[in-house]
Amino acid sequence: MGPATLGGRSIFTGPKTNLILGLAITVFALALVFVWIPLDTDTGLVEKVRRQVTIGDSLAPTVAGLFLLIGGGLLMLFERNAPDQRELAISSLGFIGVLVALIALSLLVMRFTGPALVAVVNMAFDSSLEYRLLRDSVPWKYAGYFIGGTVLLTGMISLVEGRVGRRTVLIAVAAVIVLIAIYDLPFDDLLLPPNGDV
Amino acid sequence: MNRFVTAALAAVFSGMMAVSAIAADWTPPGPIKLMIAFRAGGGADTQARLIAEALASKLGWKFIPEQVTGKGGLNMAAALKDQPNDGTAIGMGVTETFGYNMAAAPNAGLKPSDFTGLTTTAGFQMGVVSLASKGWNSFDDVVAAAKGGEQLRFGVMSPRLADLAYLLGKAQGIDFNIVSVKGGKAVMDGVNAGDLDLGFMAGIQAKGVAAGDLVNLASALSTPLTQTPDAPTFADLGVEYDSDGYFVFVGPAGMPADARDALASAIAEVAADEASKAGGIIKKAFGGAATITGDELTALLEAGYSSAGQLMEVASQ
Amino acid sequence: MDTLDYIVLGIAAVFQGPELFSLFGLPVSVTLVMIVFGFLSGIVVGATPGLAGPVAMAIALPILISTFGYTPDALLPVMGFLIGVMKGATVGGAVPAILFNTPGTPDAFMTTLDGYPMTRKGQARKALRVAHFSSVSGDTFSDVVLIVCAPFLALLVEGYLDLPEKTALLILSLSFIAAVIGGSPAKGLISVGLGLLAVFIGTGEDFYPRLSFGTEELSRGFPIATAILGILIVSAVFKELEELWREKRASGVIAPVAETGDQRLRFADIRALFPYIARSSVIGTAIGALPGIGSTLAATLGYTVGRSRYEKTKTDGDTEFGKGAPEGVAATEAANSSVSGANLIPVLSLGIPGNAAAVFLILAAESIGGFNPGPSVFRFTSDTVNPELVIAFGLFTSMFIANALNWTVGGLFMRSMGVMIRVPKQILLPIVLLLTLTAIYVQETRMVAIWFTLGFGVVGYFMRSVGISPLPFVIAFILGGKLEETARQAFAATGGDPFFLFNHPIALVFMVLSAAVIVFTTRKSREPG
């Protein structure tokens, strides 16, 4: 696995990754234990119910916080100068940002294509269809997954290859059809996204 | 004690007859989402799925089963509450969810009136169970062991049952170390592994009791257990509350009457048909179906909710 | 009825069950067909990145039960199928780990450490052969131990471990995992802490879902599949895509890896690998017999022990562990495969599963009825037939049939899955991502589960980027719920004793070891070199 600095400027200079990481984790752990857990949990570390002392809901996450605190502390105190510290490049952040944005966009397309299609049909034919009631009927149930999945695959492949080609789109379409065949055709009660919660 | 429950039990059979007479001209406008409040593959989940399957083949209705587990059924209830009430979204849980659990979690903002009760399918055979190898033959042996200085671990799977276990100990003048676990299967695992000395099991113990590995020491119901009719009930043991409860199908509030009746009668019929797969497992684990529908069910759920406070109050003392 | 009679009855139950068709005049029982079918599907599913045995079992179980019904006759065909899937997926699981660096299961993660470097060096098929041979060896050894020890060992282990000891053992597992994986105890602890935090969100005993900010989305907690697949698979896809993207930017092309050198597994190889396989098999079997501790710890331990032995015995010029040493693949695969057999010891004798596959076997037994995993299974009756013991020996027989299949056709079938290496990665990885997200949606049926998975993918990506191993996160996520439950139960069972971890001798030993392993590894990591 190559070092993450290939792409240019590093946000951490030199071997300070562990120090910054340790500090960030420690701050987060303290906030978790002293702010988040007390404010967002209904029972304390221990509770007294039915004349019996029992463990409350705050204890377990506090233990998680302790793991983080010890980890962060050790990182700052003992591993500050460890030799093989990875660095996180700005270009990596850029790449992952674009990638995640692309996936998120495809998922939104997947979610809303079906309902949008129904709305268009309703406008064109003056009908009053409802996507929710059609979500298990052909062809409606495939609309979102097919379009969204194709956008997802085409987008990701093109991003890495640095170009959009007709072949890429064809591969994406074929792959989505195969996935539909795996999950939808043999099983009657499995639902493709997004049909379970529309 | 609870006059209503007794009345409801009496209504079981008549109710069953009544609903099957209603003709089902209603058909669902789309696929029906079935939210199951139990983990996949367990007995309750299997029951729900088999009922859906039977209805699909019998009536051609399309069901889409989905797991919505956790928080004693409240997660399922919360998710179901906001679904459309045209009969295309129903849920399966236990009556305790709509009674004790909703009353115990006022912040969740859920009440039985947020739901339309469809039908119950089976009542629990809730027994206090221990390993046969412990050598206890009756509940008196348990009391004797506790009074002899033995610290007893009592496995429960819900806060309501924890209250009942506490009251049982109090009534008998002994202290149990009440251990909460997740689900009846976990109580049985704990008892089998020796981590627990005794615990509540709601029907899962039937096979083990029949095989002679487990013993029903008491019935936590208002009535004796079908499998061990000689075991004392909670009333016999001086506890004036019981764990009577049912598996129940519900929909969101305000479901139209035709949809409600059609769904309820269809489900109840399958549950009561011992020749069907679903009816078969209900017979095996719970000794037969118990189908309460309509207004009786509405009243049963309301009563469970309004009486829960009393149990909580008594158990907190 | 003595033991021998039961063995004969068990074998007969498999071969003479309901007949499906006859081959050359010999009746072929439906159980036999289901084992073969399960085994082959297991390999395909295991070899498909993004899928794993449990997914196949989860989907197959309702179908099987509907097909075979609720009679004791259904037990062996259904459980035979599940055993087939379990064994097939175990060998198949090494395929995506070795070829694409995308482990389908947490325990296959360690296989990627040396398996994937071997692929990059052009030794993909050899790596697959090593994985298969080690996996099948470990599996067979484990099954033998299961059959010899099942009645005795589990009862013994369970007899000495009460709730406080079980709690302490889980803590020991976590601190051990934190200390040994990834070479930095601090980062390991952070990974464990994050995994625990994730599993504690939305869960808990109280009716208010803790740490959920009052949102409905978080109130059911993170489904386990979203955390495991997100942290392990999605983050790996992100990381790999990033590297392909850099490669493309740097050189303008994405170079496929060509196979080079001898791909066969020679006898000399086997002799060299044997000590690693043997050690790991013993480790995996021992861990498998402990209820609740699964194959991931076995894989980690097997790999770690294998590495320390390798450091001592290797000669200059040998490939280092983590850089593509066949010994690394062998140590991991033998260890994680040998868990599955031994895991059935607590399952059959106590009804307590140690891994996901075992959970599905229990579910099958429970749903069908007539087989009640628990102490009654191993009651050797003298005058009457104990039908459950017959089923138990029928299951053992099924396991050996699956092993025989594995030794004969398994390797060939598994390597044929290697055809997927011809697919360019920049095309395959996005498909794996979509497959993973779809598999999660099919199970969870809510879009928010997909968003969770994506979120975990990003977290995993950053963890990998700063050198935090994602594996302790996943193990902590799996064990976290169990840890909290066991601790609560131990506390309640001891009557609210706050020192329950320290005043039971075995628990105290586990706790001391937990602290010692962190202190020891921290001091060691400070030493230069």
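Summary of computed values
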{"read-out": "Residue among B:ASN85, B:ASN107 that is away from chain C (no Cβ under 11 Å) and of a type outside the set (A, V, I, L, M)", "value": "B:ASN85"}
{"read-out": "Scope segment B:247-280; condition surrounded by fewer than 24 Cβ atoms within 10 Å (Cβ to Cβ) and farther than 22 Å from B:GLY60 by Cα; matching residues", "value": "B:PRO252, B:ALA253, B:GLY254"}
{"read-out": "Hits in segment A:132-159 (condition: within 14 Å of chain B (Cβ to nearest Cβ) and more than 13 Å from A:PHE112 (Cα to Cα))", "value": "A:LEU133, A:LEU134, A:ASP136, A:SER137, A:VAL138"}
{"read-out": "Test: residue in segment C:249-261 that is within 13 Å of chain A (Cβ to nearest Cβ) and modelled with pLDDT of 80 or more", "value": "yes"}
{"read-out": "Any hit, segment B:114-132, residues being surrounded by fewer than 17 Cβ atoms within 10 Å (Cβ to Cβ) and among the hydroxyl-bearing types (Ser, Thr, Tyr)", "value": "no"}
{"read-out": "2 or more residues away from chain A (no Cβ under 14 Å): qualifying helices (runs of 4 or more DSSP H) within segment B:139-244", "value": "B:139-147, B:184-193, B:206-211"}
{"read-out": "Candidate set from segment C:210-224 (those that are outside any loop (DSSP other than H, G, I, E, B) and within 12 Å of chain A (Cβ to nearest Cβ)); member that is nearest to B:LYS71 (Cα to Cα)", "value": "C:SER219"}
{"read-out": "Top-ranked residue in segment C:338-356 [being under 10 Å from the mean Cα position of the chain (by Cα) and within 14 Å of another protein chain (Cβ to nearest Cβ); ranked as modelled with the lowest pLDDT]", "value": "C:GLY354"}
{"read-out": "Selection within segment C:156-170 - surrounded by fewer than 17 Cβ atoms within 10 Å (Cβ to Cβ) and either within 10 Å of chain B (Cβ to nearest Cβ) or modelled with pLDDT of 75 or more (or both)", "value": "C:GLY159"}
{"read-out": "Of the criteria (1) buried (at least 22 other Cβ atoms within 10 Å of the Cβ); (2) more than 9 Å from chain C (Cβ to nearest Cβ); (3) without any contact (Cβ under 8 Å) to a residue 60 or more places away in the chain, which one B:GLY91 fails", "value": "(3)"}
{"read-out": "Per-region count, segment B:179-199, residues surrounded by 19 or more Cβ atoms within 10 Å (Cβ to Cβ) and under 20 Å from the mean Cα position of the chain (by Cα)", "value": "11"}
{"read-out": "Unique match (being within 20 Å of B:MET102 (Cα to Cα) and within 14 Å of chain A (Cβ to nearest Cβ)) among B:LEU297, B:LEU311, B:LEU301", "value": "B:LEU311"}
{"read-out": "C:ALA493 vs. criteria aliphatic (A, V, I, L, M) and over 21 Å from C:PRO103 (Cβ atoms)", "value": "yes"}
{"read-out": "Output for segment B:260-290, where each listed residue is assigned to a loop (DSSP other than H, G, I, E, B) and either within 14 Å of chain A (Cβ to nearest Cβ) or out of contact with any Phe, Trp or Tyr (no Cβ under 9 Å at 6 or more places or on another chain) (or both)", "value": "B:ASP273, B:GLU274, B:ALA275, B:SER276, B:GLY287, B:GLY288, B:ALA289"}
{"read-out": "Residue ID - farthest from the other protein chains (Cβ to nearest Cβ), chosen from residues in segment A:38-78 that are touching a residue at least 40 places away in the same chain (Cβ under 8 Å) and buried (at least 22 other Cβ atoms within 10 Å of the Cβ)", "value": "A:GLY72"}
{"read-out": "Residues of segment A:35-88 satisfying the condition of being touching a Ser or Thr at 6+ places or on another chain (Cβ under 8 Å) and on the phi > 0 side of the Ramachandran plot", "value": "A:ARG50"}
{"read-out": "Close pairs (8 angstrom Cβ cut-off, 6 or more residues apart or separate chains): on the phi < 0 side of the Ramachandran plot in segment C:71-86, among the polar types (S, T, N, Q) and surrounded by fewer than 24 Cβ atoms within 10 Å (Cβ to Cβ) anywhere", "value": "C:GLY84/C:SER41; C:VAL85/C:SER41"}
{"read-out": "Elements of type helices (runs of 4 or more DSSP H) in segment A:82-198, at least 1 residues being loosely packed, with under 13 Cβ neighbours inside 10 Å", "value": "A:90-125, A:166-183"}
{"read-out": "Matching residues in segment B:34-77 - criterion: being assigned to a helix (DSSP H, G or I) and surrounded by fewer than 20 Cβ atoms within 10 Å (Cβ to Cβ)", "value": "B:ALA56, B:SER57, B:LYS58, B:LEU59"}
{"read-out": "Odd one out for C:GLY457 among (1) within 13 Å of C:ILE224 (Cα to Cα); (2) over 20 Å from the mean Cα position of the chain (by Cα)", "value": "(1)"}
{"read-out": "Count of residues meeting criterion [touching a residue at least 12 places away in the same chain (Cβ under 8 Å) and under 17 Å from B:GLN125 (Cβ atoms)] in segment B:279-294", "value": "11"}
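Here's the yes/no breakdown for (1) modelled with pLDDT under 70; (2) surrounded by fewer than 18 Cβ atoms within 10 Å (Cβ to Cβ); (3) assigned to a strand (DSSP E or B):
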| site | (1), (2), (3) |
| --- | --- |
| C:LEU4 | no, yes, no |
| C:PHE21 | no, yes, yes |
| C:PRO27 | no, yes, yes |
| C:ILE35 | no, no, no |
| C:MET79 | no, no, no |
| C:ILE83 | no, no, no |
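The values are calculated or read from the model by the stated rules, or taken from the named source; none is laboratory data. Every value quoted in this text rests on a predicted model; they were computed, and no experiment measured them. Positions of Cβ are backbone-derived with ideal geometry, glycine not excepted, and every protein chain shown enters the neighbour counts.
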